[in-house]
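The values are calculated or read from the model by the stated rules, or taken from the named source; none is laboratory data. Everything numeric here is computed off the predicted structure, so don't read it as measured data. Glycine also receives a Cβ, built like all others from the backbone with ideal geometry; neighbour counts cover every protein chain displayed. To get the accessible areas, we keep the full protein, side chains included, count just its heavy atoms, and leave off ligands, DNA and RNA. Shrake-Rupley method; radii C 1.70, N 1.55, O 1.52, S 1.80 Å.
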Amino acid sequence: MPERLLFFLLVLPFAGSIATALLWRTAARSLPAWLSGLVALATTILTALYYPSVTAGKVVRHEVQWVPEIGLNFTLRMDGFAWLFAMLVTVIGFLVVVYARYYISAEDPIPRFFAFLLAFMGSMLGVVLSGNLILLSIFWELTSIFSFLLIGYWYHNANARDGARMALTITGTGGFCLLVGVILLGHIAGSYDLDVVLSAGDVVRAHPLYLPTLILILIGALTKSAQFPFHFWLPNAMAAPTPVSAYLHSATMVKAGVFLLARLWPTLSGTFEWFWLLGLAGITSLVLGAYFAIFQRDLKGLLAYSTISHLGLIVTLLSLGSPLAAVAAIFHMVNHATFKASLFMAAGIIDHETGTRDMQKLSGLYRFMPHTATLAMVACAAMAGVPLLNGFLSKEMFFAEAVETHADSILDRALPYIATIYGAFSVTYSIRFIHTVFFGPPPSDIPNPHPHEPPRWMRFPVEFLVLACLIVGIVPSMSIGPFLSTAVVSVLGTDMPQYSLAVWHGVTLPLLMSVVAMVGGTILYSALQKYLSHCEDGPPIFRHLRGQRIFERILVTVSWKWARWVEANLGTRRLQPQLRLVAGFSFLAAAVPLYLAGFDAKLPPLAQVDPAFAMIWVIGMVSAVSAALLAKYHRVAALVLLGGSGVVTCITFAWLSAPDLAITQLVVEIVTTVLLLLGLRWLPKRIGKIDESTALAARLRRLRDFALAVICGAGMSILAYAVMMQPVPDTIANYFLDNAYTQGGGKNVVNVILVDFRGFDTMGEITVLGIVALTVFALLRRFRPAPESIGTTEQQELQDAFDKAQPDRKPGDTVRDYLLVPSVVMQWMFPVIITFAIYLFLRGHDLPGGGFAGGITMAIAFLLQYLGGGTRWAEDRLRILPLRWIALGLLIAVATGVGSWFFGYPFLTSHSQYLELPLIGKIPTASALLFDLGVFSLVVGATVLILIAIAHQSIRTYRIRTEPKPEDT
Amino acid sequence: MELVLSLGIGIMTGSGVWLILRPRTYQVIVGLSLLSYAVNLFIFGVGGLKVNAPAILADGSKTAALADPVPQALVLTAIVIGFATTALFLVVLLAARGLTGTDHVDGREQSQ
């Protein structure tokens, strides 16, 4: 079989899942079932066809590069073991689809069910076929997620929701541990590739990180396989539809854990830690699971605990570290999947027909459904390990291994007795299943009083699986033999033990143990029968110690109580303490490393201080401090002083050879000032001093803030001084300076960096600018001012009163006459400023200017018309459409970038050449100029949109909002 | 030169920090503007202060004599983005004032 098809094999179920999901509208009930059945069948056949390629230790590999930098490749790898498991997944998957066709009722969303089921099948195939540990981990997570979705399929049911959540929490946490574990494992082995890891066993076991790696991987595997102490999620997952329980929670997903243990068996097993960790978990699950199963009232609960017990058996076998035990473990994986899936399906049929799964209500069903009853009895016998059935064979192998001595310890010596007790328990619960459900008087207290045989094809999957149990049980070496040996070879390699799959080995110790278990189990059942018919749910004593309850209590404590405590004690909704922390921590973050590095600020002589520059900065500092003082009660004054600081900043840029910055700072200063002026109108009036300076607490608070401000300012001064006194090292600046003209075709290096070298950054920046402008616009569309800000302002009222008082004036004249001369000048300036903006833009590539500065200047031209004539006057004469400017700008920028693709260059590669224009002559043009045009247009649009949106609020009419009072409603 | 500029940066930072710790939204917006001046100047200063250096490439000029263009390019976009965020903050504070009826930064007057 071609290797490429492995990929197809994996994609097929996912594709089928999507196709099924698309059928959500169809009324036809069987169509999703048919589609997914066909997909499952095709996957099965495809898998089966690979058999010749994996025999005798051969491996099929298909590798696609994914993220090779971190060693993550999409590697698919199928060997004998993976093939056997893939067959389990696909065959049982197909049977479950057939069964579910009859099980899921028409009221349920059918396509959703089958889509999830197929997707789960694909994820499980992914786990089985992964040839890369990280890839395996990803598919592992996918199985957890689809298991969550399938358990919660009936999400209207609270039990289903809780069960799904618990399963996801436990297996998701386990999956996380697994991911960390495999990362460690890959780190130790030097590669995440499974083949490398499998051959690096000796290195891994001797590595100091072996124990943490082992513990993490074991947590992953044991949570998935519902082993003690993580077992409690599985019984709660029984709220899932029965086909899901049959497929996920007995045959496949819970087997992923033991699959992984067997997969990594050659690498990790054989150590003392492996034996104890796995052995304890396995043996505890083995015995407790079987013991708990006896006392369940719910049929599916019994099967769930039995699953925990059987998986415990597999884990125990794997823990022993002997090749023969590994063979038995793999064999039992297959056997358990066959009989447990059929039992779940039978339980589902009983539930479907009678309406209950309570074993204290069910009885005597044999007379209503003899066929199903017979099938269930055979499967139960296989579960109990009765001879001539597959369960017997692997159980005998387990007993034989239990008798052998592996790692001499108490656990090892006790194992034969524990195994026999386990055997007795499993016989007891199997007999209980058969005896209570099928024998005795007809049921008197069931919701559906007339049960009968299910439809023909609903029984088919059960028949198929039970037949498999029989065939394997009677002629093992002719049926499962070759497949098992293929699987075993691929796990154990050359280390193949001799084993025989015969039914009869003579009178041996294991056989004797079986007999003891059979007899003991039967006696135990007859002793418990009375008690079981009326007892409470769950085993005595233990029923009060519910894993679920403990889990919930822990969750509530961590996610509610602790979280609340942390929020109440460490959090605040108030902004000031938060900002205080930010400022304080910023100071510490800068100061502590400097202090530790032995920072020593040496003050040089006060030479070289230019008195003019110092004078300018005296003004700047006074402005800044005064702005800080006046911002509360004198907003306009503070704004003017803020502008003063801005102008000083602007002059500093100009002084220190950065004309581009000076221009941009200047124009931005203008629009910022206008912006804040527009906002002032909507702020509340602050009259007089609020009495706060007298309160001691307020004083202390101000003192603390003042101290914080002083140390932040001082720290920043020292830091800035230290940085600026450093000789400038060789930086990337030289690269830009050397290449700006040769590669960017421009002499203004700052502009070339913006539109060419770092054009992609600039593109992100203008996108942000556009988004901010749109956000401002959107926020203001639903602007609701405070009631006292609505209506005419005090100033307007005074003006109007003045107009009214004068007989020769009409109301509004004062406003119209206000600053008449400047406003006429402003109107005249319109073309001049626009010309200047275009000039700034065009010269940008070679001289100070560019798209940013030009764009804002252009916006100022529009702004002045609004200022001079008023909003209504300006809009009667001008239609600016800032949204289109923004869209156009962004389009031009993107189109310039995309344009370079057509010439075979990467995105935003620029090209420069000289263009001959009539009259003007030769001018340099670069495609970057076009990009700069986009910047220009977007900046114009964004600035104008923001300012106009705020300005418009003054001419809107507002209704005064009436606050609904609480007692009215 | 460096001494004056770093003192100026410090004073602006101190005033800005003081203002952003105040309870009124307008104080915070003025404080943020002052802080952004300080930070822009600081970033600009990292490139080294050069008086009377050519800002534009000319034929035959030595590149080492030129002012460092990288912090300038950073600061240039920071100035424009600073305007945009100031506008956004202004609109948010106006909307909050309309909704809550107060211009306190927490949307409600403190009881103390």
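Residue A:123 meets all of the listed conditions (1) in a helix (DSSP H, G or I); (2) free of Cβ contacts under 8 Å to residues at least 40 places away in the same chain; (3) surrounded by fewer than 22 Cβ atoms within 10 Å (Cβ to Cβ) but one, namely (3).
Just to check your reading of the model, which residue among A:43, A:75 is touching a Gly at 6+ places or on another chain (Cβ under 6 Å) and farther than 23 Å from residue A:456 by Cα? If you could, list the steps in order and put the result at the bottom.
Working: A:43 fails: touching a Gly at 6+ places or on another chain (Cβ under 6 Å).
Only one candidate qualifies: A:75.
Taken over the stretch A:767-787, the criterion of being at the interface with chain B (Cβ under 7 Å from one of its Cβ atoms) and without any contact (Cβ under 8 Å) to a residue 12 or more places away in the chain is satisfied by A:768, A:775, A:779.
Mind checking which residues of the stretch A:662-671 are at the interface with chain B (Cβ under 7 Å from one of its Cβ atoms) and in contact (Cβ under 8 Å) with a residue 24 or more places away in the chain? Of everything in the stretch A:662-671, those that are at the interface with chain B (Cβ under 7 Å from one of its Cβ atoms) and in contact (Cβ under 8 Å) with a residue 24 or more places away in the chain turn out to be A:664, A:668, A:671. Looking at the stretch A:715-812, the helices (runs of 4 or more DSSP H) lying wholly inside it that each contain 1 or more residues that are closer than 30 Å to residue A:954 by Cα and assigned by the TED database to the domain that holds residue A:841 sit at A:759-781, A:794-805. Within the stretch A:567-588, the set of residues being more than 14 Å from every other protein chain (Cβ to nearest Cβ) and either open to solvent by less than 70 Å² (accessible area, probe 1.4 Å) or of a type in the set (Asp, Glu) (or both) comprises A:567 only.
Restricting A:690, A:651 to those that are farther than 24 Å from residue B:88 by Cβ, at pLDDT 90 or above and β-branched (Val, Ile, Thr) reduces the list to A:651. Residue B:56 satisfies every condition listed in (1) within 17 Å of residue A:639 (Cα to Cα); (2) over 11 Å from the mean Cα position of the chain (by Cα); (3) within 7 Å of chain A (Cβ to nearest Cβ) except (1).
You will find that of B:19, B:88, the residue that is at the interface with another protein chain (Cβ under 7 Å from one of its Cβ atoms), open to solvent by less than 10 Å² (accessible area, probe 1.4 Å) and in a helix (DSSP H, G or I) is B:19 and no other. Scanning the stretch A:150-191 for residues that are more than 15 Å from residue A:220 (Cβ to Cβ), crowded, with 19+ Cβ neighbours inside 10 Å and of a type outside the set (A, V, I, L, M) yields A:152, A:153, A:163. Checking residue A:681 against (1) within 43 Å of the chain's Cα centre (by Cα); (2) surrounded by 13 or more Cβ atoms within 10 Å (Cβ to Cβ), which single condition isn't satisfied? Looking at each condition in turn, residue A:681 falls short on (1). Taking helices (runs of 4 or more DSSP H) as the structural unit, those lying wholly within the stretch A:367-445 and holding at least 1 residues that are touching a Phe, Trp or Tyr at 6+ places or on another chain (Cβ under 7 Å) and of a type in the set (Phe, Trp, Tyr) correspond to A:410-438. Within the stretch A:686-705, residues that are assigned to a helix (DSSP H, G or I) and open to solvent by less than 100 Å² (accessible area, probe 1.4 Å) reach partners that are modelled with pLDDT of 80 or more and not aromatic (Phe, Trp, Tyr) with beta carbons closer than 6 Å, at six or more positions or on different chains, in the pairs A:705/B:21.
With open to solvent by less than 40 Å² (accessible area, probe 1.4 Å), closer than 18 Å to residue A:847 by Cα and outside any helix (DSSP H, G or I) as the only criterion, which of B:57, B:49, B:76 stands out? Break it down stepwise before answering.
Working: B:49 fails: closer than 18 Å to residue A:847 by Cα; B:76 fails: outside any helix (DSSP H, G or I).
Going through B:57, B:49, B:76 in turn, the sole match is B:57.
Those helices (runs of 4 or more DSSP H) of the stretch A:138-253 in which at least 2 residues are β-branched (Val, Ile, Thr), considering only elements entirely within it, cover A:158-189, A:194-198, A:201-206, A:210-224, A:242-246. The set of residues in the stretch A:270-288 being among the hydroxyl-bearing types (Ser, Thr, Tyr), open to solvent by 10 Å² or more (accessible area, probe 1.4 Å) and in contact with a Leu (Cβ under 9 Å, 6 or more places away or on another chain) consists of A:271 alone. The condition (being more than 7 Å from every other protein chain (Cβ to nearest Cβ), farther than 30 Å from residue A:685 by Cβ and surrounded by fewer than 24 Cβ atoms within 10 Å (Cβ to Cβ)) is satisfied by just one residue among A:764, A:746: A:764.
For the stretch A:382-399, the set of residues classified as surrounded by fewer than 24 Cβ atoms within 10 Å (Cβ to Cβ) and in contact with a Leu (Cβ under 8 Å, 6 or more places away or on another chain) consists of A:388, A:396, A:397, listed by residue number.
Which residue, of A:297, A:263, is surrounded by fewer than 24 Cβ atoms within 10 Å (Cβ to Cβ) and under 28 Å from residue A:465 (Cα atoms)? Criteria check complete, one pass: A:297. Here residue A:846 fulfils each of the conditions (1) in contact with a strand residue (DSSP E or B) (Cβ under 8 Å, 6 or more places away or on another chain); (2) in a helix (DSSP H, G or I); (3) among the acidic types (Asp, Glu) apart from (2). Inspection of the stretch A:724-741 identifies at least one residue that is open to solvent by less than 40 Å² (accessible area, probe 1.4 Å) and within 30 Å of residue B:14 (Cα to Cα). Note on the stretch A:714-730: among residues that are out of contact with any helix residue (DSSP H, G or I) (no Cβ under 7 Å at 6 or more places or on another chain) and of a type outside the set (Asp, Glu), the one that is nearest to the other protein chains (Cβ to nearest Cβ) is A:728. Could you figure out which of (1) open to solvent by less than 40 Å² (accessible area, probe 1.4 Å); (2) more than 7 Å from every other protein chain (Cβ to nearest Cβ); (3) not charged (D, E, K, R) isn't true of residue B:36? Only one criterion in (1) open to solvent by less than 40 Å² (accessible area, probe 1.4 Å); (2) more than 7 Å from every other protein chain (Cβ to nearest Cβ); (3) not charged (D, E, K, R) is unmet by residue B:36, namely (1).
Conditions (1) under 41 Å from the mean Cα position of the chain (by Cα); (2) within 23 Å of residue A:374 (Cβ to Cβ); (3) not in a helix (DSSP H, G or I); (4) not hydroxyl-bearing (Ser, Thr, Tyr), marked per residue:
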{"residue": "A:458", "(1), (2), (3), (4)": "yes, yes, no, yes"}
{"residue": "A:465", "(1), (2), (3), (4)": "yes, yes, no, yes"}
{"residue": "A:471", "(1), (2), (3), (4)": "no, yes, no, yes"}
{"residue": "A:478", "(1), (2), (3), (4)": "no, no, no, yes"}
{"residue": "A:485", "(1), (2), (3), (4)": "yes, no, no, no"}
{"residue": "A:495", "(1), (2), (3), (4)": "no, no, yes, yes"}
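Okay, residues lined up against (1) of a type in the set (S, T, N, Q); (2) surrounded by fewer than 19 Cβ atoms within 10 Å (Cβ to Cβ); (3) part of a helix (DSSP H, G or I); (4) modelled with pLDDT under 85:
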| position | (1), (2), (3), (4) |
| --- | --- |
| A:21 | no, yes, yes, no |
| A:27 | no, yes, no, yes |
| A:32 | no, no, yes, no |
| A:35 | no, no, yes, no |
| A:40 | no, no, yes, no |
| A:47 | yes, no, yes, no |
| A:52 | no, yes, yes, no |
| A:55 | yes, yes, yes, yes |
| A:61 | no, yes, no, no |
